[in-house]
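Worksheet: one structure, shown below.
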Amino acid sequence: MEQEILKVIKERRSVRAYKPEQIKPQELDTVLEAGVWAPSSMGLQSPKMVAVQDAETVRLLSRLNARVLGNDSDPFYGAPTVIVVFSNGDRPTCTEDGSLVMANLMLAAKAVGLGSCWIHRAKQVFESEEGKALKAKWGIPENYVGVAHCVLGYAAEEPAAKPRKDDAVVRV
């Protein structure tokens, strides 16, 4: 029998279409708890997460992200919840630490029945003046950098898995 964690890993997909309804508080709590328990360099637990469910702020974050792309699309695909992951920019493992949080968030989302997607450009968004103002408003230290946005919601469609490559593992 397949272990439950492998089942979740194999079934998780990047969801790019969401239903408009907001996720349940207990679902968000579970996803955030998984992020808190992500491994980090030297066990310092430096990453920080900002959970955004206010529709106006989600739209603002989407607009700022689209601006980095150079268009006016919705790079958050209509997701009602966004978790912004920040990490201490003074740490040499800043990106890795934040990436481990992101992986835990997305796996936990799948485990509780949510769709998720890793959205890039958080670094550029939070280097902008508007992004810096949001960081200050949220109490995120200046030396913290945006690693990624994890968008969450109920999937409007379930993408199919791509076949795995045969050469992904080399045994020595």
Hey, can you tell me all the residues within region 136-172 that are out of contact with any Pro (no Cβ under 8 Å at 6 or more places or on another chain), outside any loop (DSSP other than H, G, I, E, B) and not small (Gly, Ala, Ser)? 137, 138, 144, 145, 149, 150, 151
Can you find even one residue in region 116-135 that is acidic (Asp, Glu), surrounded by fewer than 22 Cβ atoms within 10 Å (Cβ to Cβ) and within 19 Å of residue 15 (Cβ to Cβ)? no
Tally up the residues in region 60-74 that are aliphatic (A, V, I, L, M) and surrounded by fewer than 19 Cβ atoms within 10 Å (Cβ to Cβ), please. 4
Inter-residue pairs, beta-carbon under 6 Å, first within 23 Å of residue 110 (Cα to Cα) and in region 154-172, second charged (D, E, K, R), 6+ apart: 154/19; 156/19; 159/13
State which residue pairs qualify: first residue under 16 Å from residue 103 (Cβ atoms) and at pLDDT 95 or above and inside region 19-47, second residue β-branched (Val, Ile, Thr) and exposed (fewer than 12 other Cβ atoms within 10 Å of the Cβ) in any location, beta carbons under 6 Å apart, and separation of 6 or more residues or different chains. none
Being buried (at least 19 other Cβ atoms within 10 Å of the Cβ), of a type in the set (A, V, I, L, M) and more than 13 Å from the chain's Cα centre (by Cα), is that true of even one residue in region 76-84? no
Flag if residue 144 is in contact (Cβ under 8 Å) with a residue 12 or more places away in the chain, crowded, with 19+ Cβ neighbours inside 10 Å, in contact with a Gly (Cβ under 7 Å, 6 or more places away or on another chain) and hydroxyl-bearing (Ser, Thr, Tyr): yes
Residue under evaluation residue 88, criteria (1) in contact with a Pro (Cβ under 8 Å, 6 or more places away or on another chain); (2) buried (at least 19 other Cβ atoms within 10 Å of the Cβ); (3) within 23 Å of residue 17 (Cα to Cα); (4) of a type in the set (S, T, N, Q), criterion not met: (3)
Sort out which residues of region 69-90 are in a loop (DSSP other than H, G, I, E, B) and polar (S, T, N, Q), and write them in order of number. 71, 73
Going by the structure shown, is residue 56 of a type in the set (Asp, Glu) and either touching a helix residue (DSSP H, G or I) at 6+ places or on another chain (Cβ under 6 Å) or over 17 Å from residue 125 (Cβ atoms) (or both)? no
Top-ranked residue of region 91-114 - restricted to ones that are in contact (Cβ under 8 Å) with a residue 60 or more places away in the chain and outside any helix (DSSP H, G or I), ranked as surrounded by the fewest Cβ atoms within 10 Å (Cβ to Cβ): 113
Those residues that are assigned to a loop (DSSP other than H, G, I, E, B), hydrophobic (A, V, I, L, M, F, W, C) and exposed (fewer than 15 other Cβ atoms within 10 Å of the Cβ), I need them from region 8-59; list them, please. 37, 44
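The values are calculated or read from the model by the stated rules, or taken from the named source; none is laboratory data. Bear in mind that the values here come from a model prediction, so they are computed numbers and not experimental data. Cβ coordinates were reconstructed from backbone atoms using ideal geometry, including for glycine residues, and neighbour counts include every protein chain displayed.
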